[in-house]
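Worksheet: one structure, shown below.
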Amino acid sequence: MLVRMLQRVAGSRDGTPWAPRGGVMDLPKDEALALIAHAYAVPLAPATDTLREETSLDQKLERAITTKRKAVHRG
């Protein structure tokens, strides 16, 4: 089941890092429903090439924002 992460989850799942906030993950239904129930994620429609492309862009944007914030804080 595809979900979009609303919260950052520390650690990894089966050796793979969790998707960042706003990122998309394909999880077994029981895990996805648990994350949704705890407001860590929201359900998404089945995957499409466009969705995968958007997720990649979201991750690139998040990295760029994080890098910019670190640069600003370093002063």
(request) Take the residues in segment 22-31 that are over 11 Å from the mean Cα position of the chain (by Cα) and of a type outside the set (D, E, K, R), then tell me which one is surrounded by the most Cβ atoms within 10 Å (Cβ to Cβ). (result) 27
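What's the total number of residues in segment 22-31 that are closer than 23 Å to residue 66 by Cβ and in a loop (DSSP other than H, G, I, E, B)?
2
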(message) I'd like the full set of residues that are in a strand (DSSP E or B) and under 21 Å from residue 65 (Cα atoms), limited to segment 1-16.
(response) 4, 5
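Considering each of 34, 19 in turn, give the residue that is surrounded by 11 or more Cβ atoms within 10 Å (Cβ to Cβ), modelled with pLDDT of 90 or more and part of a helix (DSSP H, G or I).
34
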(message) Restricting to segment 37-60, and then to whatever is modelled with pLDDT of 90 or more and in a loop (DSSP other than H, G, I, E, B), can you tell me which residue is surrounded by the most Cβ atoms within 10 Å (Cβ to Cβ)?
(response) 40
(message) Filter segment 5-16 down to the residues that are surrounded by fewer than 18 Cβ atoms within 10 Å (Cβ to Cβ) and either of a type outside the set (S, T, N, Q) or in contact (Cβ under 8 Å) with a residue 60 or more places away in the chain (or both) and list them by number.
(response) 6, 8, 9, 10, 11, 13, 14, 15
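The values are calculated or read from the model by the stated rules, or taken from the named source; none is laboratory data. Just so we're clear, the structure is a prediction, and the values are computed from it rather than from any experiment. Neighbour counts run over all protein chains shown; Cβ positions are idealised from the backbone, glycine included.
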